[in-house]
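Engineer: Take a look at the following structure, please.
The values are calculated or read from the model by the stated rules, or taken from the named source; none is laboratory data. Predicted model, so just to flag it, every value in this text is computed and none were measured. Note that we place each Cβ from the backbone using ideal geometry, even for glycine, and neighbour counts take in every protein chain shown.
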Amino acid sequence: MRSHAASNSSIGAGNDASALGTEYVGLENLEVMSAAEKYNASLYRVIVESVGPPEIVGEILDFGAGTGTFAIPLRGSGYDVYAVEPDERFRKHLGTLGLESAPDLGNSADRFDAAYTFNVLEHIERDDEALRQLVQSLRPGGRVVVYVPAMQFLFSAMDRRVGHVRRYGRSELVALARGAGLSVETCRFVDSLGVVATLLFKIFGSRSGTPSSSSVAIYDRFIFPVSLLVDRIAGRWFGKNLLLVGSRL
């Protein structure tokens, strides 16, 4: 499930929009997931709980902002949000909503107090370089929240359709974060019941890789809340996604 957009190239400093590829190939999936209200609300809470209230946080980076699923409500809650988004269509949309954005990080060293990147790194071939550039854009001690798809055996037509290069293992993501200059505070699996749902989709789902809006709505309303409860135990061992929180050394 993807809420943000990214290209298959790095969206860090030194890349222009044409080099990135400016059109997100999984637009249908992005539109379907925009209606997953409980899923998106849970990720919104993760950001707020991880970075703190707007009164004590400076500028926040949304790395791979897509249509502003999280940036817009965060700004509405008083946060100062800056978006990096390589897709020109999405940047124009963000602009109409009054949100400042750019196709890459540009000259942003030591600029941000916090950052988050949700369902983005798996699209980038050199995810190590992208995350390193993201971390360097933070001030020392700045916190970052990373959310990616987990468990490579779940890789399916949906992953291929939206341009995923990989799904992550826990130790792999921790090593990536530490190599980028982060002190890892936590790294846990999320959406444990989603493993079953994703595996069933891989075996029986659409060959096009696009989930139906009705199936997403049913999962979001009835199963995802239960999955979050199960995560309190199962999150140590498995889940459809991985959530990592760290701070710049």
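Engineer: Please work out which residue is nearest to the chain's Cα centre (by Cα), limiting yourself to region 191-213 and to residues that are surrounded by fewer than 19 Cβ atoms within 10 Å (Cβ to Cβ), among the hydroxyl-bearing types (Ser, Thr, Tyr) and in a loop (DSSP other than H, G, I, E, B).
Structural biologist: Within region 191-213, the match that is nearest to the chain's Cα centre (by Cα) is 210.
Residues checked against (1) surrounded by 20 or more Cβ atoms within 10 Å (Cβ to Cβ); (2) within 14 Å of the chain's Cα centre (by Cα); (3) not in a helix (DSSP H, G or I):
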position: 129; (1), (2), (3): no, no, no
position: 132; (1), (2), (3): no, no, no
position: 140; (1), (2), (3): no, no, yes
position: 148; (1), (2), (3): yes, yes, yes
position: 158; (1), (2), (3): yes, no, no
position: 171; (1), (2), (3): no, no, no
position: 174; (1), (2), (3): no, no, no
position: 178; (1), (2), (3): no, no, no
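Engineer: Can you find, within region 231-249, the residue that is nearest to residue 42 (Cα to Cα) among those that are surrounded by fewer than 14 Cβ atoms within 10 Å (Cβ to Cβ) and in contact (Cβ under 8 Å) with a residue 12 or more places away in the chain?
Structural biologist: Looking at the filtered set, the residue picked out is 236.
Engineer: Between a first residue in region 107-132 that is farther than 19 Å from residue 149 by Cβ and a second residue that is modelled with pLDDT of 95 or more and of a type in the set (S, T, N, Q), which pairs have beta carbons less than 6 Å apart while being 6 or more apart in sequence or on different chains?
Structural biologist: Within 6 Å, the pairs are 108/137; 109/136; 111/137; 112/137.
Engineer: Can you tell me which residues in region 221-249 are farther than 30 Å from residue 110 by Cα and among the polar types (S, T, N, Q)?
Structural biologist: Correct list: 227 only.
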